[in-house]
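One structure is given below, encoded as structure tokens.
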Amino acid sequence: MVRLPLTFTISLSPVSLNQFFGRASWHTRRKLQHTFKVAVLRGLSQAGIEREILPPKVGITIVGRYTGRVLDHDNIAAKLIIDPLKGYLLADDSPEYIAWIKLSGYKSDQPGTEITLEQA
């Protein structure tokens, strides 16, 4: 049984909304989605988090670690990180299941993202 809060990390830093939605072709967006899906599922596995649909409502905190410029918090493409959770920990990513999402980031020597799910 999965207990909240739970935290796991992925080796990728979040990308910007501009990078994902603005300038990228559909093919590039598709590849980026796949890359993040693999990273999120690997992060869950490495953290020992098994597939189990959590009861509504959860809050999600996403903290990006950047080796370069830190993204504005309102420019983090959280969708790439949350979508792979559907069917693994979340029944859906609608407001019925996710109460809130917090986004932040900081400068680091190691790129990556820390994701925390907690009961809202």
- Item | Computed over the range 6-119, Kirkwood Rh from alpha-carbon pairs, angstrom | 14.3 Å
- Val70 paired with Arg30, simple spin-label distance in nm, labels 7 Å along Cα-to-beta-carbon: 3.6 nm
- Note on the structure: Counting only DSSP beta bridges with both partners in the range 6-119, the antiparallel fraction in percent, to the nearest 5, comes to 60 percent
- What nm distance separates the two modelled labels at Gln46 and Glu96, each placed 7 Å from Cα along Cα→Cβ? 3.4 nm
- aspartates and glutamates near Lys37 by alpha-carbon distance under 14 Å, same-chain residues fewer than 8 away left out - which ones? Asp83
- Query: What angle, in degrees between 0 and 90 and rounded to the nearest 10, separates the Cα long axis of helix 26-46 from the longest principal axis of the Cα atoms of the chain?
  - Reply: 40 degrees
- Percentage relative contact order, the chain, counting C-alpha pairs under 8 Å, at least six apart: 44 percent
- Message: Can you give me the C-alpha center-to-center distance between the range 58-78 and the range 11-47, rounded to a whole angstrom?
- Response: 13 Å
- Taking a threshold of 20 Å on the Cα-Cα distance, which of the pairs Lys31/Lys107; Lys31/Lys57; Lys31/Lys102; Lys57/Lys102 fall above it? Lys31/Lys107; Lys31/Lys57; Lys31/Lys102
- Is it possible to state the helix-based mean residue ellipticity at 222 nm for the chain, with each DSSP H run of 4+ residues giving -39500 (n - 2.57), the sum divided by total residues, to the nearest 500 deg cm²/dmol? What is it? -6500 deg cm²/dmol
- Output the peptides 58-65, 106-113, 23-30, 85-92 sorted from most to least packed, where packing is the average of other Cβ atoms within 10 Å over each peptide's residues. 58-65, 85-92, 106-113, 23-30
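Computed from the coordinates by the stated procedures, all read-outs in this text should not be read as laboratory data. Note that the coordinates shown come from a computational prediction; the quantities given were computed from them, not determined experimentally. A quick note on method: Cβ atoms are made from the backbone with ideal geometry, for glycine too, and the neighbour counts reach across all protein chains shown.
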